[in-house]
Amino acid sequence: VKTCVRVTDQESRQELPYNLIGELLFCTPSQMKGYVYNKSDDTSIIEEFGDGVKWIRTGDLGYVDDDGFVHYVGRMKRIYMTRVRHGNSGQLIKIFPQRIEECIEQIDEVLICGVVVREDEDRLNVPIAFVSLTSQDIDPQNAESIIKQFVDKQLPEHDRPEDIHILNAMPMTASGKVDYCALEEMVKESIDHA
């Protein structure tokens, strides 16, 4: 029994070569016939590419490297487009909030980070970071300065958060994950009160 992996471009649905990020699809002899129990005709996450082979769409982003190892990058739903500010004016590029979060969480003073986007007239979307610190004794302004300096060195310009908000406590879902809906609401409220 072998499991096959395919990486496809989200828009064209064409298979991508090694080391390029796209949606991960899997095919295995033991896979399900449908997605919803007792509804074998529900094939919303099953895709065929003209050869009769059925692939399960994961909704996950990743790539396969030259050695055949599969790398997970993040969920597709958490991808946004932004416009490059300088140089290639007007060029669209993807923002992966998880990548920004992982970068900021490397900082000793940071306990957890959640990144969402704010719509922007010129750039479409800009990343906004919410950060909870490892200690209430850390000066928030000093922490913000440390974060800005770190991301300026580590991230390309389009991935650098436009704003950094220090929170006493990160809003979490019942399952213990960052509550991105609550963070998006905070962004919306800050726009409404601007």
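Here are the numbers for this structure:
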read-out	value
Placed amide H near Ile112: partners under 5 Å, 5+ positions off or other chain	Ser132
The range 54-60 - phi-based ³J(HN,Hα) in whole Hz, Karplus 6.51/-1.76/1.60, Gly and Pro as x	9, 10, 8, 7, 8, x, 9
Gaussian network model of the chain, Cα within-10 Å springs - most flexible of Met170, Met81, Met32	Met32
Cross-link table Lys2/Lys153; Lys54/Lys94; Lys94/Lys188, entries beyond 32 Å C-alpha to C-alpha	Lys2/Lys153
Two-site FRET efficiency, Val70 against Glu162, from Cβ-Cβ distance with R₀ of 45 Å, rounded to 0.05	0.85
Placed amide H near Val117: partners under 5 Å, 5+ positions off or other chain	Ile128
The chain - mean residue ellipticity at 222 nm from DSSP helices (-39,500 (n - 2.57) per run, n ≥ 4, rounded to 500)	-6000 deg cm²/dmol
Rounded, prolate or oblate (a/c below 1.5 giving rounded, otherwise prolate when a/b exceeds b/c) for the range 48-137 by Cα gyration tensor	oblate
Gaussian network model of the chain, springs between alpha carbon atoms under 10 Å - residue of Phe96, Phe130, Phe26 with greatest fluctuation	Phe26
Loop-located trypsin sites (Lys or Arg not before Pro) in the range 139-194 whose Cβ has at most 16 other Cβ within 10 Å (DSSP)	Lys177
Additional length obtainable on full extension of the chain from Gln136 to Ala182, 0.36 nm per residue less Cα span	14.4 nm
For the chain, the longest site-free run once GluC sites (Glu not before Pro) in DSSP loop states with at most 11 other Cβ atoms within 10 Å are removed	12-120
The chain - accessible surface per residue (Å², probe 1.4 Å)	62 Å²
Dipole of the range 92-147, positive direction: furthest Cα of Ile147, Leu92, Gly114, with charges on the beta-carbon	Leu92
Rg and Dmax of the chain, Cα atoms only, in Å	19.7, 61
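The values are calculated or read from the model by the stated rules, or taken from the named source; none is laboratory data. A quick note: this is a predicted structure, and the numbers were derived from the prediction, not measured. Note that we place each Cβ from the backbone using ideal geometry, even for glycine, and neighbour counts take in every protein chain shown. Side chains included, ligands, DNA and RNA excluded: accessible areas come from the protein's heavy atoms. Shrake-Rupley method; radii C 1.70, N 1.55, O 1.52, S 1.80 Å.
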